[in-house]
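Notes for the one structure printed next.
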Amino acid sequence: MNQTAGGGRGALPSDLKRINRRKILEYFRKGETLTAADVHRMSGVSRPTVMRALQYFCRTGALKSAGIGSAAALGGKKPELFAFGDERRILAVNLWPDTLTFSLSPLAGEMGALARCDFRPKPGVGETLAEMKALADAFLASQGTDADGLYGVALSVSGTVDYDTLTLRYDVNAPAWGADVPLGEYLRPLFGAEKEYFVDNAGKAAGRAVLLDHPEYAAERMVTLFTTWGVCACMMERGHVLNGRDALIGEIGHSIVSDSAEETCACGKRGCLERMTRLDAVRRLPGMTARPELTESYGALFAASDAGDALAREAVRYLAHCFAVALHNLALAYNPDRVIFQGDFAQADAWFDACLKRELGEFNYYPNRVPFETGYDRRDLTLLAARGGTAVMKRRYFESVDCD
């Protein structure tokens, strides 16, 4: 019997075939058209094995023949071209407090069309998703397809999510929906029971997109901070998103940064980071009522601070203090290598970054230094979340393709 020295089963020919086929299919993930020679050169797998794998995937529909290419410079037979063959697409939906976003992407290649509209969730989850489906149908029709042409749907929402059951545990932005909303049970009748579904927290969906452009971060402990109508974190370790039994890992917006706050947060506590850093909280700071132009938006405040406005800098220092308290506690529990701001606070100026680092550096366990690298990702959050959800769906597809 074929065994390893440690007593385990050694690699069988069927295992090697499966590994090679999966490796070969990966080269078509970007939507490129390739010849057998191209795949052989990139993979190092023998030409006969490559050709058998390409023929196998053409039979299953994962790949297709794309015609005949040009002959080599020295002449000879023109090579056959191969391309990704499954034409189903992925619909990514961001169902957020003020915005509904749709994007449509092929299973192989870059994310395609994206559309946004103003949208307010209804008191009932059923009527909200029914209206969402009607708008999704209109979007799909504008792209020349319908729900039958989908591989699956990736939905991002503002609440906490149980990935295994597609359950929305709770959403402070839609309290009327209650707790433990079975979103999967609502989605399947709308788009089809045979489809693949993924439901994600908005902040985690946006955080996943960072790894698409910086795969080197997958070796780190990284935190992305989603800051817009709420504050939450996507905490990733070696590319894996942490969630937890109650899906609360990363809900940094509800960490307590003040014990003297009077206003109660929607979560039921006082002094939450999310409430203490809202623009209405900044407007209550000393001197701010006389300068309403500073708090028209976070961008206006950070721009004034960057220009040296003394009052704006005091307000930005206050915001940096709130985040420093929360991130200090996060560093003690998680010790990340990198923290990246997304959304409103991605617009922060150098003064905010300096104040944040100065306060974090006061802790004696890491004197005169910051415990992590900081970054500011100013890209559109809806685009990032759509890319993050789409990436998860693509990975599921490629992992599920039969390579036997």
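The values are calculated or read from the model by the stated rules, or taken from the named source; none is laboratory data. In this text, all values refer to a predicted model and were calculated from it rather than measured experimentally. Neighbour counts run over all protein chains shown; Cβ positions are idealised from the backbone, glycine included. These area figures cover heavy atoms from the full protein model, side chains too; ligands, DNA and RNA do not enter into them. Shrake-Rupley method; radii C 1.70, N 1.55, O 1.52, S 1.80 Å.
Structural remarks
- The range 260-404 pair-distance distribution - Cα-Cα, 10 Å bins, rounded %: 10, 32, 32, 16, 6, 3, 1, 0
- In the assembled protein chains, Glu216 presents an accessible area of approximately 100 Å² (probe radius 1.4 Å).
- Cα-only Debye scattering, the chain: base-10 log of I(q)/I(0) at q = 0.09, 0.11, 0.13, 0.14 Å⁻¹: -0.66, -0.91, -1.13, -1.23
- Gaussian network model of the chain, springs between alpha carbon atoms under 10 Å - residue of Gly230, Gly144, Gly192 with greatest fluctuation: Gly144
- If the segment from Leu248 to Lys122 were pulled out straight at 0.36 nm per residue, it would be longer than the present Cα-Cα gap by 42.9 nm.
- On the range 200-262, 50 percent of the accessible area sits on carbon and sulfur atoms, based on a 1.4 Å probe.
- The residues neighbouring Gly299, those whose beta-carbon lies less than 11 Å from its own, together hold a net charge of -3 under the Lys/Arg +1, Asp/Glu -1 convention.
- For the range 319-393: accessible area per residue (Å², 1.4 Å): 41 Å²
- Filter on Lys357/Lys394; Lys204/Lys269; Lys23/Lys133 - keep pairs with C-alpha separation over 26 Å: Lys357/Lys394; Lys23/Lys133
- The range 118-170: radius of gyration over Cα atoms, expressed as a fraction of 2.2 N^0.38 Å: 1.30
- Summary of the geometry: the range 82-151 and the range 198-245, compared by the centres of their Cα atoms, lie 22 Å apart.
- Positive-end ranking of Gly271, Ser260, His240 along the dipole of the range 185-273, with charges on Cβ about the Cα centre, is headed by His240.
- Extension gain for Lys17 to Glu194 (0.36 nm times residue separation, less C-alpha to C-alpha distance): 60.8 nm.
- With one equal scatterer per alpha carbon and no solvent term, the Debye-computed log10 I(q)/I(0) for the range 118-277 at 0.08, 0.13, 0.20 1/Å reads -0.28, -0.71, -1.33.
- Entry note, the chain: the mean residue ellipticity at 222 nm calculated from DSSP H runs of n ≥ 4, each adding -39500 (n - 2.57), is -11500 deg cm²/dmol after division by the residues and rounding to the nearest 500.
- Straight-distance crosslink candidates among aspartates and glutamates, where the alpha carbon sits under 20 Å from Lys122 and sequence neighbours closer than 8 are dropped: Asp98, Glu131, Asp137, Asp171, Asp180, Glu185, Asp200
- Percent RCO, i.e. relative contact order, over the range 140-202, from Cα pairs under 8 Å lying at least 6 residues apart: 41 percent
- Additional length obtainable on full extension of the chain from Asp309 to Glu362, 0.36 nm per residue less Cα span: 16.5 nm
- Both radii were evaluated on the Cα set of the range 339-404; the Rg over Rh quotient, with Rh as the Kirkwood radius, amounts to 1.25.
- The rule of thumb for compact globular proteins, 2.2 N^0.38 Å, goes into the C-alpha radius of gyration of the range 20-71 1.03 times.
- A Gaussian network model of the chain, with springs between Cα atoms under 10 Å, assigns the largest mean-square fluctuation among Pro175, Pro97, Pro286 to Pro286.
- Each DSSP beta bridge with both residues in the chain is either parallel or antiparallel, and the antiparallel ones are about 60%.
- For Phe82, the residues whose modelled amide H falls within less than 5 Å of its own, excluding neighbours fewer than 5 places apart on the same chain, are Leu34, Thr35, Ala66.
- Applying both filters, DSSP loop and at most 12 other Cβ atoms within 10 Å, to the trypsin sites (Lys or Arg not before Pro) of the range 13-73 gives Lys30.
- FRET efficiency for the pair Ala179 and Asp137, taken as 1/(1 + (r/R0)^6) with r the Cβ-Cβ distance and R0 = 51 Å, rounds to 0.95.
- For Gly203, neighbours were defined as the other residues whose beta-carbon sits under 15 Å from its Cβ, and their charges (Lys and Arg +1, Asp and Glu -1) total -2.
- Placing R0 at 22 angstrom, the Cβ-Cβ distance between Lys64 and Glu110 gives a FRET efficiency of 0.70 after rounding to 0.05.
- For Thr128, net neighbour charge (Lys/Arg +1, Asp/Glu -1) across residues whose Cβ lies under 13 Å away: 0
- Modelled label positions at His240 and Asp337, each set 7 Å beyond Cα in the direction of Cβ, lie 1.6 nm from each other.
- Antiparallel bridge percentage (DSSP; both residues within the range 138-223; nearest 5): 45 percent
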